[in-house]
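Okay, structure first, notes after.
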Amino acid sequence: MKILDMKFVRGFIKMADDGYQQGWHERNGGNLSYRLKESEVEAIRPRLNAAGEWVPIGTSVPGLAGEFFMVTGTGKYFRNIIVDPEVCVAIIELDGKGENYRIRWGLVEGGGPTSELPTHLMNHEVKKRVSGGRHRVIYHAHTTNTIALTFVLPLKDEVFTRELWEMATECPVVFPEGVGVVGWMVPGGREIAVATSKLMEQYNVAIWAHHGMFCSGEDFDLTFGLMHTVEKSAEILIKVLSMSPAKLQTITPDNFRELAEGFRIRLPEKFLYEKQ
Ligand code: 2HA
Ligand code: ZN
């Protein structure tokens with residue numbers, strides 16, 4: 001089958017365009033990666049390009065040795081992905097140590113994988129391990145409302161989780177494990193990748209202060225839906241805070257405990273603290 005007709009490729013392109021339509025990808029902002037299934041690698045293998053040069057990843061991900069990823073290209077614009085995916089996106093292969101990659105498809109006008117490749121791959125490595133191989137998608141976007149909140153809320157997992165949960169009853173059901181927050185750091189390198197992947201041990205969402213959000217999930221729908229839910233909740237919180245600094249009523253810690261029982265989910269008590 002043609003690579004562009006593969007279901008995972010169509011899903012990747014649709015998700016990128018959905019994110020662009022949401023307004024999360026100004027200019028070249030954001031990046032997306034997908035860990036291919038073995039069956040998908042075999043299906044496209046006859047159509048991959050001859051293997052080129054190995055290039056250092058900038059970090060080490062031995063847990064992903066030999067795996068293939070579809071990734072957005074550095075400097076490429078999400079708004080162009082649906083128009084010309086072969087220019088904007090690549091399929092890369094990792095070496096047997098998980099230290100180097102080489103491009104096997106795409107980026108036909110040149111370029112390399114996303115500048116956030118270290119964070120994407122370190123997140124994939126953690127998520128592959130803790131999800132028993134089920135998670136395949138890592139998504140980074142510049143989500144307007146979530147970014148705005150990083151200027152007014154304390155940069156603490158507990159505070160962000162609780163405030164986002166309170167804004168919509170579905171939130172604790174969609175992300176019962178909560179969200180993690182990384183203070184401002186220089187993007188693109190190993191240091192921020194280490195901090196983010198550490199949060200991914202326990203969360204599926206990591207918020208980068210004054211920058212954006214990373215989400216992890218099993219497929220494109222779940223990962224996009226997760227980011228969409230968090231960002232919508234942030235939007236509601238901003239509307240509430242814009243009307244009044246105080247809420248007249250809200251979802252209480254005991255309400256969350258009832259919800260956890262009704263939906264058979266576990267909501268960690270560290271998020272259900274009493275407010276002053
Ligand atoms: O430019 O979003 O974090 C792509 C990015 C870097
Ligand atoms: Zn970014």
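The values are calculated or read from the model by the stated rules, or taken from the named source; none is laboratory data. This is a predicted model, so every value here is computed, not measured. Methodologically, a virtual Cβ is constructed for each residue, glycine included, from the backbone with ideal geometry; neighbour enumeration extends over all protein chains shown. Heads up: the accessible areas ignore ligands, DNA and RNA and are worked out on the full protein's heavy atoms, side chains in. Shrake-Rupley method; radii C 1.70, N 1.55, O 1.52, S 1.80 Å.
Laid out as a table, the results:
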{"item": "Three-way shape label, the stretch 133-276, alpha-carbon gyration tensor, a/c 1.5", "result": "oblate"}
{"item": "Protection proxy ranking of 4-11, 77-84, 247-254 - average other beta-carbon atoms within 10 Å, highest first", "result": "77-84, 4-11, 247-254"}
{"item": "Global form of the stretch 74-153, assessed from the alpha-carbon gyration tensor, a/c cut-off 1.5", "result": "oblate"}
{"item": "Separation of alpha-carbon centers, the stretch 1-74 and the stretch 150-218, rounded to whole Å", "result": "23"}
{"item": "Mean Cβ count within 10 Å, highest first, over the residues of peptides 61-74, 180-193", "result": "61-74, 180-193"}
{"item": "Shape parameters for the chain, alpha-carbon atoms, Rg then Dmax in Å", "result": "19.1, 63"}
{"item": "Cα pair distances of the stretch 197-276 binned at 5 Å [whole percent]", "result": "3, 11, 15, 19, 25, 18, 7, 1"}
{"item": "The stretch 87-209: projected area of the alpha-carbon convex hull, averaged over directions, in nm²", "result": "8.8"}
{"item": "The stretch 138-220: mean projected area of Cα convex hull, nm²", "result": "5.4"}
{"item": "Sorted peptide list for 96-109, 214-227, criterion being average Cβ within 10 angstrom, highest first", "result": "214-227, 96-109"}
{"item": "24 Å Cα-Cα reach of Lys97 towards lysines, excluding residues that sit fewer than 8 places from it in its own chain", "result": "Lys37, Lys127, Lys128, Lys198"}
{"item": "Virtual spin-label span in nm between Ala50 and Ala65, 7 Å along Cα→Cβ", "result": "2.8"}
{"item": "Dipole in debye (nearest 20) - the stretch 142-276, about Cα centre, beta carbon charges: Lys, Arg +1; Asp, Glu -1", "result": "340"}
{"item": "Cα centroid separation - the stretch 259-276 against the stretch 85-144, whole Å", "result": "34"}
{"item": "Carbon plus sulfur fraction of accessible area for the chain, probe 1.4 Å, in percent", "result": "52"}
{"item": "Over the stretch 16-84: Kirkwood hydrodynamic radius from C-alpha pairwise inverse distances, Å", "result": "14.3"}
{"item": "Degrees between helix 220-243 axis and first principal axis of the chain (Cα, 0 to 90, nearest 10)", "result": "40"}
{"item": "Per residue value of the accessible surface for the chain (all protein chains in place, 1.4 Å probe), Å²", "result": "47"}
{"item": "Computed P(r) (all Cα pairs; the stretch 1-131; 5 Å bins; percent)", "result": "2, 11, 22, 24, 21, 15, 5, 0"}
{"item": "Gln21/Glu218 FRET efficiency (R0 25 Å; Cβ-Cβ; nearest 0.05)", "result": "0.65"}
{"item": "With all protein chains modelled, accessible area of Ser244 [1.4 Å, Å²]", "result": "40"}
